Amino acid sequence: MNDSNQIFANIALKIRQSLELEDILETAVAEVRQLLGCDRVLIYRFYPDWSGVVAVESVVRPDLAIRSHVIKDPCFEHNWLMPYREGRVQLTADVRQAGLRDCHVAFLADFGVRANLVVPILLSDRAEPLWGLLIAHHCDAPRDWSDSDAQLLKQLSNQMAIAIQQALLLQRTQAELTERRLAEASLEESEARFRRLAEQAQDVIYRYVWRPEPQVEYINPAITDLTGYTPGEFYADSELLFSLVHREDLRQFRRQLLPPLSQKSDDAQHQPPLTVLRCVHRDGHVIWVEQRCTALRNQAGELLAVEGIVRDIRDRMVDLGSPERPLLSRKESPAMGTDSPGQKRIGQFWQFWKGPLAALERSRWTSAAIMLGMVVVVEGLRQAGLSTGSQMLALCLGLTLSASVGGLQAGLLSTLTLWFYLLWRLGQDGALGLPNGLLYCLLYGVATAVVAIVVGKTKDSSLLADQALNQVNATLELKVQERTATLNRTNHQLREEIEERRRAQAAHQAAETELQQLNQALESRVFERTATLAASEGRWRNVIDTVRLLVVDIGVDGRVNYANPHFLALTGYESEAVIGCNWFETFVPRHQLSPTRKIFQEFLDEGFHSYFQAVILKASGEEMIVAWNNTLLKDGSGQLQGSLSIGEDITERYAVSRMKDEFISVVSHELRTPLTSIHGALELLDSDVVPLESERGRHVLAIAAENSQRLVRLVNDILQLERLESGKINLNQQSLFSTDVTARAQELMQMLLEHANVELVLEDPGLEIWADGDRIIQVLTNLIDNAIKFSETDGRVSLQVEAAASPTVPHPMVLFKVSDQGRGIPPDKLSNIFERFHQVDASDSRRRGGTGLGLAICRSIVQQHGGQIWVNSTLGQGSHFYFMLPSQSDAPGGLSPVSMSPDRPWSQR
Amino acid sequence: MTSSNHVENATKKRILIIDDDDGIRDIVAISLEALAGWEVLNANSGPAGLALACSAQPDAILLDVMMPGQDGIETLKQLQQQAETVDIATIFLTAKARPSEQQRLLDLGCVGLITKPFEVHQLVPQICALLKWPLA
């Protein structure tokens, strides 16, 4: 069960390691098929019409493949899906025995299905959760699916569902990211279009933002033509815009630029008012402009910015003849007095029209003044006694003057008044011949008529003036309307642009919000993954910390970034001393520095030397040979970080290997030497270069025979040593008396002793030993043989046996001592005298028939008995070889010693 | 031994063999005398060989490498250091079979190597080839 949990966890991990839907499904089917050991595992994915396709599959052999098959079979009615919707699992051990409908059996037979296991894949985040089916097929034979199979598949389908949801979410996020990029692009394009438009416009367009800091956010280059200031100066100085406005218009301008801070969105839709302002050019002259401001608010109605369009209307002011109408409010009477050319022109224009306009405005008073003036003139003429004709002439002159100076209304009024005066005077003078009563009645009537006419005419004339003015006004209005329409169109266009921009911004915001949500979802997944990664990292770190290998991370600059505990333990350094230190200066022996640096650089540059052996220095100064396996370390962006080197301490192995090489070399020499003699001798004899019968022939034959014996001994010794050292020889240990082995050895060496004329002195009290008699006799004969070889004629060799104690063994031991009076062993040879082929003098040994392996064999036999062997020697005085054997078995209740019968067949050495 | 069946030399060559193995010394000596008619001197150690080389001035020396005490390598160095022996061509006689070992020996300045075990009939042609002596 634990195994299946483990397998499930592995598969689940693999499924979750990808966000690519294809990968997830591929991984899942392959793993599941392997796990269940079935013939085919597939994922069937539904289309919206409930037909479907074999989306992915894993098959045991190619002929079972049905990938990409679209399945739309009338046998499957819509309701066959119901159990799957409810999450049920369908197990069929044998489709032929399952009582399925014929069409279903035929359908399954088409795909070679004999047994199947079907599990739904349900996506929990959907209205229609059934996404597909995870199906395992067995094709060749029926199969009894176990509950654990079904359970496992169900769990996996859940895992897959989660992974699919995530993959789909990712796909959606990616699609939305693409959309967002498109929206941004269109926004940018729109912004660019707007900017182009604004940059080329004749009118000044600006945007003044109030948040976070009040400032000119944008103003187009047209402002330079209008005011002489560049846009840059406005950006630099937020107050410049206000300082440009004529101080009398400043309050109005401020009101426009700071409309109510908060306003309902409905109100914001109103067409903003057009106002006329004066602004002052950089060189001081005043410019008449009209401005329309639009407040930009956010959804809450809060003021964000004000956009203004300003148009230069100086020309229009000249055309219209009066700055007062209709664009100027009456209160805003222009205040002249500066001496700029434009202002002068406007001033002259104003002076010219000032009188008539005042007369128009105050015609009654003018008429009265002219009338009085004429009365005075006519009276003067009469007093001077001039004739009535002269008086009429003056009257006509006055009339003309009145008409020319006072205009139509003044002229008319003066005429009537003078006629009244003239009639009265003529009447007085009696020139008319009428009685005074009638005259006064007539005068009264005329006066009444005059008053009536004057009053009426005054009203009429005022009406006329008004009508004329109205006409002018209408013309002006028309022109203004035309201009305003043009302005409105431009404005409308700009507003549309702004609106479009606003919409794009809103879409952008909405997309951003959704992306943020997706982002959060992804982040939580990333967090989950990070946790998994952290756990995995922890596991790896644990592995690296405990592995019996040297692990170091060396940066490209040669600094050590990490060294594992095993590295520290082997090199004898503390972590603090290693981390951050320079690898080459600390660990590479001086004589290796240059080649090692070169190798490291070539590894970083070319990837060479992934494997190489190098010597490194321990803290103690000792050298250690390490076999390194190097991997280039790169960060997420592929940037080279250094080398991760995993090494193994092969110092010992290297030494062993060298020893082995040396041994083979020596063996090779030791075998080839006798072989050369044998081969050469036989060749000489065989080719008759040396006749066999001759004395030389016999000598050559003897060489061959002697060397072949030597070869046989050598081969035997090598084989025996090999078998001893590899434990292939089992000791036949039993309880014996020491005399059993010493006596036998003496007996075996007797002939040699006599031949060499050397005496053997044996001192053996007969102690109990626990030993393989044959092997110990071999040790003794070897040692005695050596002693004889290095003894002079008439020399003496002794063999002594005594009880002893070993500091390492609890029970009594028996000590054997073989001594000679030979030339002794030099101290520098003593340490490895028991090694193979380490004779003191090989030629001596060889001359005496030794193989160079005798002492190595002795040591091996003694050690296998649980004993020890050693040597003492004094140059020129002789050598003492000692070995110690246990007196009894380590096992409790050891047997009593067995007395060896004399006829026991001891094997020859 | 009389002159050889294979080689006839105008002047009789004198060869010194230095080897600690009695059998090999004898076999080489018999072969060279019998097959080439050369005079063979022999020594069983490096120091003995050096002394003989100085005194007898052989035409060539066959020198065993692995000898107890002073080995063949040390002996060659000494031969090269002595004015009397520096010009004597030396051939190593060796049981070392590995190419790396053989190369190391050749680098020491000998004229060549003859590896053990050798064919006695090839011994004279091998020596002549290494020393560029004419082979009749």
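Bear in mind these aren't lab numbers, they're just calculated from the coordinates by the rules spelled out. These figures come from a predicted structure and were not determined experimentally. So basically every Cβ, Gly included, is an ideal-geometry build from the backbone, and we count neighbours across all protein chains shown.
Quarter the surface of the alpha carbon convex hull of region A:51-198 and you get the mean projected area, 12.7 square nanometres. Highest mean packing comes first when the peptides A:738-749, A:299-310 are listed by Cβ atoms within 10 Å, giving A:738-749, A:299-310.
Taking θ as phi - 60° and the Karplus parameters 6.51, -1.76 and 1.60, the scalar couplings of region A:179-187 work out to 4, 4, 5, 5, 4, 4, 4, 5, 4 Hz in sequence order, x denoting glycine and proline. Taking 0.36 nm per residue of sequence separation and removing the Cα-Cα distance, the A:His285/A:Glu184 pair yields an extension gain of 31.9 nm. For region A:18-52, the list of GluC sites (Glu not before Pro) that fall in a loop by DSSP and count at most 13 other C-beta atoms within 10 angstrom reads A:Glu20.
Using the Karplus relation 6.51 cos²θ - 1.76 cosθ + 1.60 with θ = phi - 60°, the per-residue 3J(HN,Hα) values for region B:109-124 come to x, 7, 7, x, 10, 10, 8, 8, x, 10, 8, 4, 6, 8, 4, 5 Hz, with x marking Gly and Pro. Close amide H pairs (under 5 Å, H built 1.01 Å from N) link A:Ala201 with no residue at least 5 positions away or on another chain. A simple count of charges around A:Ala30, restricted to other residues whose Cβ falls under 12 Å of its Cβ and scoring Lys, Arg +1 and Asp, Glu -1, yields -1.
Listed by Cβ neighbour count within 10 Å, with the fewest neighbours leading, A:Cys279, A:Cys103 appear as A:Cys103, A:Cys279. About its Cα centre, the dipole of region A:16-73 is roughly 120 debye, where the only charges are +1 on Lys and Arg Cβ and -1 on Asp and Glu Cβ. Taking the Cα centre of region A:471-622 as origin and assigning +1 to Lys and Arg Cβ atoms and -1 to Asp and Glu Cβ atoms, the resulting dipole is close to 120 debye. Ranked by how many other Cβ atoms sit within 10 Å of their own Cβ, fewest first, the residues A:Ser51, B:Ser45 fall in the order A:Ser51, B:Ser45.
Cross-linked pairs A:Lys598/A:Lys618; B:Lys12/B:Lys77; A:Lys598/B:Lys77; A:Lys14/A:Lys154; B:Lys13/B:Lys77; A:Lys789/A:Lys829: Cα-Cα separations exceed 25 Å for B:Lys12/B:Lys77; A:Lys598/B:Lys77. Summing +1 for each Lys or Arg and -1 for each Asp or Glu among the other residues whose beta-carbon sits under 13 angstrom from that of A:Leu515 gives -3. Simple rule: put +1 on each Lys or Arg Cβ and -1 on each Asp or Glu Cβ in region A:730-886, find the dipole, and look at A:Ser806, A:Leu748, A:Gly850; the Cα lying farthest toward the positive end is A:Gly850.
Which residue, B:Leu93, B:Leu62, B:Leu123, tops the fluctuation ranking in a GNM of chain B built on C-alpha contacts under 10 Å? Result: B:Leu123 has the largest fluctuation of those listed. The C-alpha atoms of chain B define a longest principal axis, and helix B:22-36 lies at about 40 degrees to it.
The phi torsions of region B:69-74, fed into the Karplus equation with coefficients 6.51, -1.76 and 1.60 and a -60° offset, translate into couplings of x, 7, 7, x, 5, 4 Hz, rounded to whole numbers, with Gly and Pro shown as x.
Peptide A:665-676 is shielded by partner chain Cβ atoms: per residue, an average of 6 of them sit within 10 Å of its Cβ.
Backbone amide hydrogens, once placed in the peptide plane, bring A:Glu768 within less than 5 Å of A:Ser738, excluding anything fewer than 5 places away on its chain.
Applying both filters, DSSP loop and at most 14 other Cβ atoms within 10 Å, to the GluC sites (Glu not before Pro) of region A:542-606 gives A:Glu574. When you filter the GluC sites (Glu not before Pro) in region A:682-734 for DSSP loop state and at most 11 other Cβ atoms inside 10 Å of their Cβ, you are left with A:Glu693. With neighbour counts taken as other beta-carbon atoms within 10 Å, the residues A:Val656, A:Val551 rank, fewest first, as A:Val656, A:Val551. Extension gain for A:Val712-A:Ser51 works out to 229.3 nm (0.36 nm per residue, less the C-alpha to C-alpha distance). Each Lys and Arg Cβ is given +1 and each Asp and Glu Cβ -1; about its Cα centre, region A:751-871 then shows a dipole of about 460 debye.
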